[in-house]
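Shown next, in structure tokens, is the structure this report addresses.
Each value in this text was obtained by applying a stated rule to the coordinates, not by laboratory testing. Because the structure is predicted, anything quoted here is derived from the model rather than measured. Every residue, glycine as well, gets a Cβ built from its backbone with ideal geometry; the counts of neighbours run over all protein chains shown.
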Protein chains: 2
Amino acid sequence: MKRQRGASDLSKGEIARERILAAAETIIVDKGVAALTFDEVSEQTGLSKGGILHHFSSKDALVRAMVERFVSLFETGLAGLETHDEAAAGRYTRAYVGATLGNATSTGPQYDRLGAAITAALHNFPDLLLIVRQQNIRCQTGVENDGLDPVLATIIRLATEGLWLAEVFDVMRLDPKMKSAVVARLMEWTHPAKS
Amino acid sequence: MKRQRGASDLSKGEIARERILAAAETIIVDKGVAALTFDEVSEQTGLSKGGILHHFSSKDALVRAMVERFVSLFETGLAGLETHDEAAAGRYTRAYVGATLGNATSTGPQYDRLGAAITAALHNFPDLLLIVRQQNIRCQTGVENDGLDPVLATIIRLATEGLWLAEVFDVMRLDPKMKSAVVARLMEWTHPAKS
DNA sequence: GATAACAGACCGACCAGACGGTTTGTTATT
DNA sequence: AATAACAAACCGTCTGGTCGGTCTGTTATC
């Protein structure tokens, strides 16, 4: 029987790729970047090391795929929030804050920890910086041309980023009340009423 | 001849410790955390691996010493800026911004890159998180009780941190003009005139 | 429909090098 | 003489990556 392939069912190899990626994320989230080895992925995934290397020809390739997926996940969440916003001015900035600190589909604890791990890993895989940097440029451009005072918008973005990084690196334990107050204030500022 | 020891001259061992620490910093700054190995330190310092392990009994110990030095360097710079500030309100916050983004004695390119490396390394040495976290609590407390609106003060701090991290991780290339505009705005906000 | 030809998926053994750390021995300092 | 400061050889482990080969399924040929 000929297997008819719909749009959203994957070939065997593609399934394996997904499973490997998922395992890699789990490892990185649970045990840190240093624990991301082929052996570990092999164990978690049931595949042999050779099998994994069949799909990702090097560790760089594996990490690169993770970073790309990560970035794309964030941008999807961002775009989603952006379309569900009626007010024009500050729309992008609001979406940015929401996608980073709020409860967008993209975010969540394990996404955050993954972000921390990836950020840390950036040091060891310098070429991956380009991917992140490009996304960063897009964000900065979006924020600067959002109908807000560019400086204020940038500050909102930086504070958002600072809060997120501090949290995901687990260096800061900001009081939850303070956190929501901060987020609320940042959101306020995205409404040109103030200024 | 008896060598009289003044307050600021170090014993031979202490000198070696300093040299090892300095070499470790250079390595971490130039080649990243992953390149920080005993062999590398040994090469850069001229000492043998055994000699290094004589002073730092494990890699953890070495990294711990680096983190402690780093934190203490920052706090020195912070304290320095704090005392040279006449206005009472917002003094700590101003010092914080200055010590992080300005030209305090503590800051500088190699200090920044060191900070990035250490931040990244925090993932592999979880116990060191405590050190950083404690310093972080001190900063947050300082900022919240600085005669400013605590939420605003926190946002200033977060934006500062975000800008610094983005820069040291090299993920953001903020336009210099924008950067100084941001810093200026943040500094403005530390003067309770506004509010 | 049987079979040959091919391709992708995967295994498992292996390797060369790196790394953290130990041990043992030597030199300098007091 | 005692102790601190080193040196050098060495060890066990782990890691990324290679390689030859197998197994499975699909396509072409007859």
Using Cα-Cα distances under 8 Å and only pairs 6 or more residues apart, what relative contact order does chain B have, in percent?
21
Dipole of region B:147-195, positive direction: furthest Cα of B:L186, B:V151, B:F169, with charges on the beta-carbon:
B:L186
Using just the C-alpha positions of chain A as equal point scatterers, what log10 of I(q)/I(0) does the Debye formula give at each q in 0.13, 0.15 1/Å?
-0.78, -0.96
Rounding to the nearest 20 debye, state how big the charge dipole of the protein assembly as shown is about its Cα centre with +1 on each Lys and Arg Cβ and -1 on each Asp and Glu Cβ.
460
Within 10 Å of each residue's Cβ, count the other Cβ atoms and sort A:R113, B:R138 from fewest upward.
B:R138, A:R113
Tilt of helix B:176-189 relative to the longest C-alpha principal axis of chain B, in degrees (0 to 90, nearest 10)?
60
With viscosity set to 0.890 mPa s and temperature to 25 °C, compute the Stokes-Einstein D of region B:39-89, Rh being the Kirkwood radius across alpha carbon pairs; µm²/s, no decimals.
183
Around B:D127: net Lys/Arg minus Asp/Glu count, Cβ-Cβ under 13 Å
0
State the Cα centre-to-centre distance between region B:136-195 and region A:78-156 in whole Å.
18
Over region B:87-195, what relative contact order in percent results from Cα pairs under 8 Å that are six or more residues apart?
44
Inside 10 Å of the C-beta atoms of B:26-35, what's the mean count of C-beta atoms belonging to other chains?
2
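I'd like the mean, over residues of B:116-129, of how many other protein chain beta carbons sit within 10 Å of each residue's own Cβ.
Across the residues of B:116-129, the mean count of other-chain Cβ atoms within 10 Å is 4.
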Radius ratio Rg over Rh of the protein assembly as shown, counting only Cα atoms, Kirkwood formula for Rh
1.02
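Where nothing but the Cβ of Lys and Arg (+1) and of Asp and Glu (-1) is charged, how large is the charge dipole of chain B around its Cα centre, in debye to the nearest 20?
380
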Net charge (Lys, Arg +1; Asp, Glu -1) of residues whose beta-carbon lies under 9 Å from that of B:R91, B:R91 excluded, is -3
Rank A:L47, A:L62, A:S72 by how far each Cα sits towards the positive end of the charge dipole of region A:33-72 (+1 on Lys, Arg Cβ; -1 on Asp, Glu Cβ) and give me just the farthest.
A:S72
Taking B:D60, A:D127 and counting other C-beta atoms within 10 Å, the order from fewest to most:
A:D127, B:D60
Using only atoms on other chains, find how many Cβ atoms lie within 10 Å of each Cβ of peptide B:148-154 and report the average.
3
So for A:E188, B:E86, B:E161, B:E25, fewest C-beta neighbours within 10 Å to most, what's the order?
B:E86, A:E188, B:E25, B:E161
Beyond a 28 Å Cα-Cα separation, which of these cross-linked pairs lie in this structure: A:K59/B:K59; A:K59/B:K177; A:K59/A:K179; A:K31/B:K179; A:K31/A:K59; A:K31/B:K59?
A:K59/B:K177; A:K59/A:K179; A:K31/B:K179
Relative to the longest principal Cα axis of chain A, at what angle does helix A:150-168 sit, 0 to 90 degrees, rounded to 10?
40
Residues with beta-carbon under 15 Å from that of A:F56, excluding A:F56: net charge, scoring Lys, Arg +1 and Asp, Glu -1?
-1
Note the angle between two axes, namely the Cα long axis of helix A:12-31 and the longest principal axis of the Cα atoms of chain A, as a number of degrees from 0 to 90, rounded to the nearest 10.
60
